[in-house]
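Structure first, then comments.
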Amino acid sequence: MRIWISLARTLLLTSCGSAPQFTKYIPETLASNKENSNSATQPPSPEQPSPKHIPEHLLVFPASSFASPVGEKEYVTEKRDRSDEWYNALDFGESRHLGEDWNKNSGGDTDCGEPVYAAAAGEIVLAEDAGPGWGNVVIIEHTAPNGTKLRTLYGHLTTIDRNEGTVARREKIGTIGNANGRYKCHLHFELRSADSPLWSEPGPGYSDSREGSLDPSEFIRKTRR
Ligand SMILES: [Zn+2]
């Protein structure tokens, strides 16, 4: 396990992105998981689907039941453009990222304290300080009419405004933060399906395996139709 942790740290430290990287948070449950530890020592499978791929059986949520977790508009573009004040600084699947890093166009820490909204109606299943690499984290479970479940994760929050019970779509659940000063402020936002090995935990934020992790903005786009 020591070798794996050392290798994982090397990979984390050498992966480059426009957002700061996690360097210490390696959950014991992941480190001891044989499948995941193998994936850290082998190149990614060429059969791994495109990061943008959303399985059809997950597109069963009502139209427009998912929205953006940041911004005054219900939907914001991923580009740093003038259509809204927000952009995605590190995309899902880029540099092994398991989520999206949402920032204000104005950069730096100008988004500290901005509201973070539930992307869809659901039930809070986790709300806690998840350690130095994460800061405050909220996970919400969303259930489609046919019983299909997804979970969204909101990381590095300054405050947690809702820590239990049900929430409405776009209800404020917290504020954007910097994980107690570790990064420039941004929202790390993830979407997971129920086959995710990280279903009930914050997870590593970055991984060679995207099993059960989905591109949040791509999913939101597809459910708008
Ligand atoms: Zn991130």
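The values are calculated or read from the model by the stated rules, or taken from the named source; none is laboratory data. Fair warning: this is a prediction, and the values are worked out from it, not measured in the lab. Cβ placement follows ideal geometry from the backbone for every residue including glycine, while neighbour counts extend to all protein chains displayed.
Using the structure shown, decide if residue 106 is at pLDDT 95 or above, over 16 Å from the mean Cα position of the chain (by Cα) and hydroxyl-bearing (Ser, Thr, Tyr). Considered against the rule, which asks whether it is at pLDDT 95 or above, over 16 Å from the mean Cα position of the chain (by Cα) and hydroxyl-bearing (Ser, Thr, Tyr), residue 106 comes out as yes.
The listed residues are 182, 224, and the only one of them that is touching a Pro at 6+ places or on another chain (Cβ under 8 Å) and basic (Lys, Arg) turns out to be 182.
Candidates are the residues of the range 76-98 that are acidic (Asp, Glu) and part of a loop (DSSP other than H, G, I, E, B); the one that is surrounded by the fewest Cβ atoms within 10 Å (Cβ to Cβ) is 81.
The sole residue among 104, 73 that is buried (at least 19 other Cβ atoms within 10 Å of the Cβ) and either in contact with a Cys (Cβ under 6 Å, 6 or more places away or on another chain) or farther than 19 Å from residue 140 by Cα (or both) is 104. Yes or no: the range 108-129 includes at least one residue that is closer than 16 Å to residue 76 by Cβ and among the charged types (D, E, K, R). Yes, there is a match, as at least one residue in the range 108-129 is closer than 16 Å to residue 76 by Cβ and among the charged types (D, E, K, R).
Do the conditions hold for residue 130, that is, is it on the phi < 0 side of the Ramachandran plot, crowded, with 18+ Cβ neighbours inside 10 Å, within 16 Å of the ligand (Cβ to nearest atom) and touching a residue at least 60 places away in the same chain (Cβ under 8 Å)?
yes
Within the range 185-199, the set of residues being more than 11 Å from the ligand (Cβ to nearest atom) and either farther than 18 Å from residue 119 by Cα or among the aliphatic types (A, V, I, L, M) (or both) comprises 185, 191, 194, 195, 196, 197, 198.
So if I check each of 101, 111, which one is in a loop (DSSP other than H, G, I, E, B), within 16 Å of the ligand (Cβ to nearest atom) and not hydrophobic (A, V, I, L, M, F, W, C)? Exactly one of 101, 111 is in a loop (DSSP other than H, G, I, E, B), within 16 Å of the ligand (Cβ to nearest atom) and not hydrophobic (A, V, I, L, M, F, W, C), namely 111. Look at (1) within 25 Å of residue 158 (Cβ to Cβ); (2) modelled with pLDDT of 50 or more; (3) under 20 Å from the mean Cα position of the chain (by Cα) and you find that residue 19 fails only one, number (2).
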